[in-house]
Amino acid sequence: MQIHSHAEFDPSSNKPTEQGLQKVLQRLVQTMQRDALVRQTTNRLRESLRVDRVVLYYFYWQWHGQVTFEALSSEEFSILGSTGADECFNDEYAELYLAGRTKAIADIESEPITTCHRDFLRSLQVRANLVVPVLVPKGLWGLLVAHHCQETRSWTQSDIELMQSGAKTLATSPYILES
């Protein structure tokens, strides 16, 4: 018969449970830090660009996604949870954004875009938009989008660079890379 000292054998110890809880807690902290970074980035961009809305459209599966964060000038512009027009965003658009495409539309009414895309933007009260991809090593993580809802907007090079900088901040964050 082998006798174990209390230090070796403690029937009340739950090492696997404790390790599991540590992993859950660590994941929760990372998620909170990721969310704080996205919130801070979208708010800063909206204020700097002086637009009605900046959103993060997150891809959760093969070009399907939804607006998971938004910074608003007014609650009337909220589109949180919007899933987009899946029939409009296809492999062709995905490839363009995967290649780093930035799309600036000064006026959706005069821009040569598909009817599907124009109708979708109208349904969101968009008059002008600026879209920048958030690219991580795994691919297209999401789109950072600025919407001007009340009038047209000629996007400047500095507007585009500011959005690209915000997308890069997100794309290089360990909280996003690990999500």
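The values are calculated or read from the model by the stated rules, or taken from the named source; none is laboratory data. From a predicted model like this one, the values you see are computed outputs, not experimental measurements. Don't worry about glycine lacking a Cβ; one is built from the backbone with ideal geometry, like all the others, and counts go over all protein chains shown. SASA here: full protein model, heavy atoms, side chains in, ligands and nucleic acids out. Shrake-Rupley method; radii C 1.70, N 1.55, O 1.52, S 1.80 Å.
Radius of gyration (Cα atoms) of the chain, expressed as a multiple of 2.2 N^0.38 Å: 1.37. In this simple spin-label model, placing a label point 7 Å from the Cα along the Cα-to-Cβ direction at both SER74 and GLN33 gives a separation of 3.9 nm.
Answer rounded, prolate or oblate for segment 12-51, using the Cα gyration tensor with square roots of eigenvalues a ≥ b ≥ c: rounded when a/c is under 1.5, else prolate when a/b is larger than b/c, else oblate. The partial results should precede the final answer.
Values: a/c = 9.59, a/b = 8.65, b/c = 1.11.
It comes out prolate by the Cα gyration axes.
Within a straight-line Cα-Cα reach of under 18 Å, LYS15 can be paired with the following lysines, leaving aside sequence neighbours fewer than 8 residues apart in one chain: LYS23. Each label was represented as a point 7 Å from its Cα along the Cα-to-Cβ direction; for ALA99 and GLU111 these points are 1.8 nm apart.
Taking only DSSP H segments of four or more residues, each worth -39500 (n - 2.57), what value at 222 nm results for the chain once the sum is divided by all its residues, to the nearest 500 deg cm²/dmol? Please list the in-between numbers first.
Details: 5 runs with 71 residues, N = 179.
Only helices count here, giving -13000 deg cm²/dmol.
Seen from all sides and averaged, what is the projected area of the convex hull of the Cα atoms in segment 89-179, in nm²? Walk me through the numbers before you get to the answer.
Details: hull surface 25.0 nm².
That works out to 6.2 nm², a quarter of the Cα hull's surface.
Rounded to 0.05, the FRET efficiency of the LEU25 and GLU178 pair, given R0 = 22 Å and the Cβ-Cβ distance, is 0.90.
Across segment 71-82, coupling constants 3J(HN,Hα) worked out from phi with the 6.51/-1.76/1.60 Karplus curve, θ = phi - 60°, read 10, 10, 7, 7, 4, 5, 9, 5, 10, 3, x, 4 Hz, and Gly and Pro carry x.
Element breakdown for segment 63-179 at a 1.4 angstrom probe: carbon and sulfur atoms account for 49% of the accessible area.
Using the Cα centre of segment 10-64 as origin and beta-carbon charges of +1 (Lys, Arg) and -1 (Asp, Glu), tell me which of MET32, TRP61, VAL51 is placed farthest towards the positive end of the dipole. The residue sitting most towards the positive pole is VAL51. Rounded to the nearest Hz, the phi-derived 3J(HN,Hα) couplings of segment 103-112 under the Karplus curve 6.51 cos²θ - 1.76 cosθ + 1.60 (θ = phi - 60°) are 10, 10, 10, 6, 8, 5, 6, 10, 6, x, where x marks glycine and proline. Whole-percent P(r), segment 40-109, all Cα pairs, 5 Å bins from 0: 3, 15, 19, 25, 23, 12, 3.
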